[in-house]
Amino acid sequence: MSEYSKRETDYMRGQGHRQLADEIDAQQPQLERYQDPAEPILRAHGIDADTAASLWDDFHNSRTSAGLMTKLEKYSDLPAAVKHELFVSKQKGDPAPGWLERVDKVIGAIESMKGLAASPARGGTSSLKVAESHPTVLQALMDAHKHEK
């Protein structure tokens, strides 16, 4: 069978085709559950609930591993091994070096495209409109970014 969205199978159920919708839903691939990278580290070391909650917040509110490291400095009684494990775990999600420069290049490319379609009769000067009106170029830029990681 072809793939149907959850919305489509819910509509089928509403139209009285419950069995067919259930069969289709059973064949759909199941999504992987999100695995929180900080939670097993905090549980494994027996950290008290308040400190663990604070560490968890700091872990997830830090954009990079370097940002996390500065936040971990305030935990003077936390073992170095725990800090290291949290740092390594956060480091796995760090953006590739030079990511900001690449984003700036993409934005610059879109801004330069804006001049091609900037007449008010063509919808104004919105960068988003220009990017959406050139989906092949935008897709090529996004694919290039994905392959650099």
- line: Checking S54, S76, S5 in turn, the sole residue that is under 30 Å from L100 (Cβ atoms) and among the hydroxyl-bearing types (S, T, Y) turns out to be S54
field: Every residue from region 50-103 that is modelled with pLDDT under 90, part of a helix (DSSP H, G or I) and exposed (fewer than 12 other Cβ atoms within 10 Å of the Cβ)
entry: L100, E101
statement: With the first residue restricted to region 47-64 and required to be within 17 Å of H84 (Cα to Cα), and the second required to be among the hydroxyl-bearing types (S, T, Y) and loosely packed, with under 12 Cβ neighbours inside 10 Å, Cβ contacts under 9 Å at 6 or more apart or on different chains are S62/T70
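The values are calculated or read from the model by the stated rules, or taken from the named source; none is laboratory data. The structure displayed is predicted, hence computed values, not measured ones. Positions of Cβ are backbone-derived with ideal geometry, glycine not excepted, and every protein chain shown enters the neighbour counts.
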